Ligand code: ADP
Ligand code: MG
């Protein structure tokens, strides 16, 4: 399948007040069209730094990132604007890009309809549950028709039960819309249940420790059905041990 993203030898050193902080060291991987990739690693190892560099928001010290197409970004906080209705929230990206024309507005309305939010379009974010807000945030991101979606701990703020439902929901939407995803998470189960491949990073400076292909040999897998699969705990134990190993 076609590559949509290539990360080549990325290094990042922050210049901090009390010296340098080496965050990333020779990170290499590529992502194929439609793939779901998760990145896991110890807290503070450089995961968010890596996503920020891929998005272009953060500079890199050396290396290259090649992306084919637009990038969307979803964070832990949904960043919905409380004073805007749902409809005006999902149009925000298009307004910023000055591409809120009839065609794109129609596309957004289709997305709202398809994913059960159209009847809430005149409501305000406060009136929606955490799960629905995350879906609104996703549709706002999809409105700009990204090829690649970056998710940084996007579900961490939700309680466990809601998180299971929201990840199921979002996974199906992304597959439906054929979006390539790169997700940072500290939740091993979440990574396994959603991904085609999981990249395990070492302690800081992050290097790629291992890349696991996740294959449940199932048609139409979803996060919930993966969690029930006998292979699930095998993957979990493998990655949990890798994360637990102290250095490299
Ligand atoms: P993670 O997302 O894996 O928890 P981060 O990428 O946020 O880790 O951070 C990696 C390391 O880089 C941490 O030690 C963090 O303190 C440091 N860091 C992150 N952003 C900056 C910055 N803007 N300036 C200096 N150091 C930073
Ligand atoms: Mg982070």
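Kirkwood-type hydrodynamic radius, segment 1-55: 12.6 Å, calculated from all non-identical alpha-carbon pairs. Here the ratio of the Cα radius of gyration of segment 131-241 to 2.2 N^0.38 Å is 1.07. Need one number: nm distance between label points at residue 122 and residue 237, each 7 Å from Cα along Cα→Cβ, rounded to one decimal. Label-label distance for residue 122 and residue 237, simple model: 5.7 nm. Let me make sure I get this right: for segment 183-242, a, b and c are the square roots of the gyration tensor eigenvalues over alpha carbons, sorted descending. Under 1.5 in a/c it's rounded, otherwise prolate if a/b > b/c, else oblate. Which is it? Taking the square roots of the gyration eigenvalues as a ≥ b ≥ c, segment 183-242 is prolate. In terms of the mean number of neighbouring beta-carbon atoms within 10 Å, the peptides 171-182, 135-146 order highest first as 135-146, 171-182.
Using the average count of surrounding beta-carbon atoms within 10 Å as a protection proxy, the listed peptides 207-220, 154-167, 230-243, 26-39 rank, highest first, as 26-39, 154-167, 230-243, 207-220. Computed as a quarter of the hull surface, the mean projected area of the alpha carbon convex hull for segment 12-128 stands at 10.5 nm². Build a GNM of the chain with springs between Cα atoms under 10 Å apart, and of 90, 65, 198 the one that fluctuates most is 65. Cα convex hull, the chain: 142 Å³ per residue, rounded to a whole number. Looking at the chain, the DSSP beta bridges with both ends there are about 55 percent antiparallel. Entry note: segment 79-143 has Rg to Rh equal to 0.93, where both radii use alpha-carbon atoms and Rh is the Kirkwood radius. Residues 221, 84, ranked from the fewest to the most other C-beta atoms within 10 Å, line up as 84, 221.
Every read-out reported here was derived from the displayed coordinates using simple, explicitly stated rules and does not represent laboratory data. All values derive from a computational prediction rather than experimental measurement. All Cβ positions, glycine included, derive from the backbone under ideal geometry; neighbour counts span all protein chains shown.
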